[in-house]
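Asks: Dropping the structure in here first, questions after.
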Amino acid sequence: MEKKNIDWSNLGFGYIQTELRYVSCYKEGAWDEGTLTGDANVVLNECAGVLQYAQTIFEGLKAYTTDDGHIVAFRPDLNGERMEASARRLEMPVFSKERFVDAVTKVVSANAAYVPPYGSGATLYIRPYMFGVNSVIGVKPAEEYQFRIFCTPVGPYFKGGARPLTICVSDFDRAAPHGTGNIKAGLNYAMSLHPIVKAHREGFDENLYLDPGTRTKVEETGGANFLFVTKDGGIVTPKSDSILPSITRRSLMHVAREYLNLKVEEREVYLEEVKDFAECGLCGTAAVISPVGKIVDHGREICLPSGMTEMGPVTRKLYDTLTGIQMGRIEAPRGWIHVIE
C-alpha cells in the first residue's frame with residue numbers, strides 16, 4: 001500500500017485525522033456488531049452520562065512497521081484486559097478483549113497508509129475509548145455506551161533523543177486510597193491537569209505523586225510508572241493498589257529479567273530511599289522510558305548519579321531491547337507481537 005505524503009521524520013506528538021475509525025454501540029443490554037466509519041465527529045445529547053458524571057475510560061497503544069515490513073501492534077490483548085477491568089470499576093459494559101483486539105486490527109489495517117515506515121522514528125498511535133451516551137441526570141451509570149477507536153501517526157515523543165527530566169514531589173494526590181488509580185479512567189487524568197500545569201509553570205517536567213495514605217512512598221506520575229535501577233544494576237518498581245498497571249512497565253520487567261539477566265523487584269519504594277538509586281525512568285506507551293535526572297522535594301534536590309545529559313546505561317539497555325522487540329530486530333516472547341499486515 002502506498003503511504004500518505006507525510007513528512008514522517010518531522011511529525012510531532014499530536015493528532016492528525018485519519019480516514020477511518022471503529023465504533024460499536026451498546027443498547028438494551030448488548031453491543032452491536034461494530035463498524036468502520038469515516039465520520040470523526042461524536043454527537044451527544046447535552047445530558048449524556050459522559051458529560052455529566054465523567055463516565056469514560058480509554059487505552060493507548062501503538063502500531064509499528066517492523067524491520068521486515070510487517071505492520072504490528074504490541075501486546076494489544078493486555079490493553080484489552082485492562083480496559084475490561086476499567087469498565088467493571090466504572091459500572092460500564094465490558095467490551096471483550098477479543099473484540100478489542102479485532103477492532104484494533106480493523107482500524108490499523110484500514111489506515112495502513114498512515115502507519116509510518118520503518119526507520120522514520122514515527123509510529124501509529126491508537127486510542128480506544130468508551131463513554132456513556134444516554135441522558136443521565138441522577139447520579140447513576142448510563143444505560144447506553146459507545147466504544148470507539150481512532151488512530152493518528154505520531155513522531156517520537158522526544159525529538160533529538162530523550163533528555164533526562166527534572167520532576168518535583170507534588171503536594172497533590174493523584175488518586176484516593178481504594179479509589180480509581182489502578183484503572184485508566186478519564187477522571188484520573190483530569191485530576192492531574194492542574195498539578196502538571198503548576199509543575200510546568202515552576203520549571204519541572206513532571207510530578208512525582210506519593211501514596212495518598214501516608215505520603216511517604218513513591219507511586220507514579222500523572223501518566224507513567226516509575227522504574228529505578230539500583231547501584232548494583234538491579235531493577236525496582238513501586239508496588240501499590242493505586243498504581244495503573246502499565247503494560248510498558250510489565251514488559252520492561254520481563255526484558256530485564258529474561259533478556260538482560262537482571263534482578264527485578266516489585267515492592268514499596270519509600271521517597272527517602274530514592275537518593276540511593278543509580279538511575280530512574282518513567283515507563284509509558286508514548287516514550288517507552290523517559291530518563292529522570294533530578295527529583296526535587298520542596299527545595300531538596302535528589303540528583304541521580306546517571307546525570308542530566310543522557311539515559312543511564314541500564315535504562316538505555318532496557319530501552320534498546322524493548323524497542324528492538326517492538327520493531328522486529330530482536331525476537332519477541334510468544335504472543336507479544338500481533339501481526340496486522
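Asks: Put 143, 273 in order of accessible area, largest first, 1.4 Å probe: what do you get?
Replies: 143, 273
Asks: For the stretch 33-90, just say rounded, prolate or oblate: build the C-alpha gyration tensor, square-root its eigenvalues into a ≥ b ≥ c, call rounded for a/c under 1.5, and beyond that prolate if a/b exceeds b/c, oblate if not.
Replies: Oblate is the answer for the stretch 33-90, as a/c is 1.5 or above yet b/c matches or exceeds a/b.
Asks: At 222 nm, what helix-only mean residue ellipticity would the chain give, in deg cm²/dmol to the nearest 500, using -39500 (n - 2.57) for each DSSP H run of four or more?
Replies: Values: 6 runs with 71 residues, N = 341.
Only helices count here, giving -6500 deg cm²/dmol.
Asks: Restricting attention to the stretch 26-85, which trypsin sites (Lys or Arg not before Pro) occupy a DSSP loop and are surrounded by at most 10 other Cβ atoms within 10 Å?
Replies: On the way: sites: 27, 62, 82; in loops: none.
Those that pass, being in a loop and sparsely packed, number zero.
Asks: Starting from the Cα of residue 89, step 7 Å along the direction of its Cβ; do the same at residue 276; then give the gap between the two resulting points in nm.
Replies: Distance between label points: 3.0 nm.
Asks: If you don't mind, another one. For the chain, how big is Rg over Rh, using alpha carbon atoms and the Kirkwood form of Rh?
Replies: For the chain, the value is 0.96.
Asks: Given the whole protein assembly as supplied and a 1.4 Å probe, what does the accessible area of residue 171 come to in Å², nearest 10?
Replies: 100
Asks: Let a ≥ b ≥ c be the square roots of the eigenvalues of the Cα gyration tensor of the stretch 93-226; is it rounded (a/c under 1.5), or, if not, prolate (a/b larger than b/c) or oblate?
Replies: Oblate is the answer for the stretch 93-226, as a/c is 1.5 or above yet b/c matches or exceeds a/b.
Asks: Still on this structure, I have one more. Karplus couplings for the stretch 27-35 from phi (6.51 cos²θ - 1.76 cosθ + 1.60, θ = phi - 60°), rounded to Hz, Gly and Pro as x?
Replies: Once θ is set to phi - 60°, the couplings for the stretch 27-35 become 8, 6, x, 8, 7, 7, 6, x, 7 Hz.
Asks: Quickly work out the residue 176-to-residue 135 label distance, labels modelled 7 Å from Cα along the C-beta direction, and quote it in nm with one decimal.
Replies: For residue 135 paired with residue 176, the spin-label model returns 2.9 nm.
Asks: Once you have the Cα-Cα distance between residue 42 and residue 215, take 0.36 nm times their residue separation minus that, and quote the gain in nm to one decimal.
Replies: Full extension from residue 42 to residue 215 adds 58.3 nm.
Asks: Could I ask something else about it? Using the scaling law 2.2 N^0.38 Å as the reference, what is the normalised Cα Rg of the stretch 1-99?
Replies: Ratio of Rg to 2.2 N^0.38 Å for the stretch 1-99: 1.32.
Asks: So if I place +1 on the C-beta of Lys and Arg and -1 on the C-beta of Asp and Glu, and nothing else carries charge, what would the dipole magnitude of the chain be about its Cα centre? I want it in debye, nearest 20.
Replies: Result for the chain is approximately 320 debye, rounded to the nearest 20.
Asks: Continuing with this model, one more query. So, taking all protein chains as they sit and a 1.4 Å probe, how much accessible area belongs to residue 109, in Å² rounded to tens?
Replies: Using a 1.4 Å probe on the heavy atoms, I get roughly 40 Å².
Asks: Could you check the simple spin-label distance between residue 197 and residue 163, using points 7 Å along Cα→Cβ, in nm with one decimal?
Replies: 2.4
Asks: Compute the Cα gyration tensor for the stretch 214-259, then decide on rounded, prolate or oblate, letting a ≥ b ≥ c be the square roots of its eigenvalues: rounded whenever a/c is under 1.5, prolate when a/b is larger than b/c in the other cases, and oblate in all that remain.
Replies: oblate
Asks: Moving on to the next point. Report the one residue of 136, 200, 177 whose Cα lies farthest in the direction of the positive end of the charge dipole of the chain (charges on C-beta: Lys and Arg +1, Asp and Glu -1; origin at the Cα centre).
Replies: Result: 200.
Asks: Just reorder 135, 242 by solvent-accessible area, largest first, 1.4 Å probe, all chains present.
Replies: 135, 242
Asks: I want the local charge near residue 168. Using Cβ-Cβ distances under 13 Å, sum +1 for each Lys or Arg and -1 for each Asp or Glu among the other residues. Don't jump to the answer; show the numbers that get you there.
Replies: Details: positive: 198, 201, 294, 300; negative: 171, 202, 205, 206, 297, 301.
Here the charged neighbours net out to -2.
Asks: Among 214, 20, 281, which residue has its Cα positioned farthest towards the positive end of the charge dipole of the chain, with +1 placed on the Cβ of Lys and Arg, -1 on the Cβ of Asp and Glu, and the dipole taken about the Cα centre?
Replies: So the residue furthest toward the plus end is 281.
Asks: Which helices pass in the chain if a helix is a full DSSP H run, must span at least 18 angstrom along its long axis by Cα, and must have mean Kyte-Doolittle hydropathy not below -0.5?
Replies: Those that clear 18 Å and a mean of -0.5 are 97-110, 186-201, 313-326.
Asks: Follow-up. Rank 47, 25, 151 by accessible area, highest first, at a 1.4 Å probe radius?
Replies: On the way: 47 25, 25 50, 151 0 Å².
So, going from the largest accessible area down, we get 25, 47, 151.
Asks: If the reach is capped at under 18 angstrom between alpha carbons, list the lysines near residue 198, excluding any in the same chain fewer than eight residues apart.
Replies: 294
Asks: Here is a further query. In the stretch 1-99, which GluC sites (Glu not before Pro) fall in coil by DSSP and have 15 or fewer other Cβ atoms within 10 Å? All intermediate terms of the calculation are to be shown ahead of the outcome.
Replies: Working: sites: 2, 19, 28, 33, 46, 59, 81, 84, 91, 98; in loops: 2, 19, 28, 33, 46, 59, 91.
Answer in residue order: 2, 19, 28, 33, 46, 91.
Asks: Calculate one ³J(HN,Hα) per residue across the stretch 135-143 by plugging θ = phi - 60° into the Karplus curve 6.51 cos²θ - 1.76 cosθ + 1.60, and present them in order as whole Hz with x for glycine and proline.
Replies: Result, rounded to whole Hz: 5, 9, 10, x, 6, 6, x, 5, 10.
The values are calculated or read from the model by the stated rules, or taken from the named source; none is laboratory data. Since this is a predicted model, take the numbers as computed values, not measurements. Heads up, the Cβs are rebuilt from the backbone with ideal geometry, glycines too, and the neighbour counts pull from every protein chain shown. The area values use the complete protein model at the heavy-atom level, side chains included, leaving out ligands, DNA and RNA. Shrake-Rupley method; radii C 1.70, N 1.55, O 1.52, S 1.80 Å.
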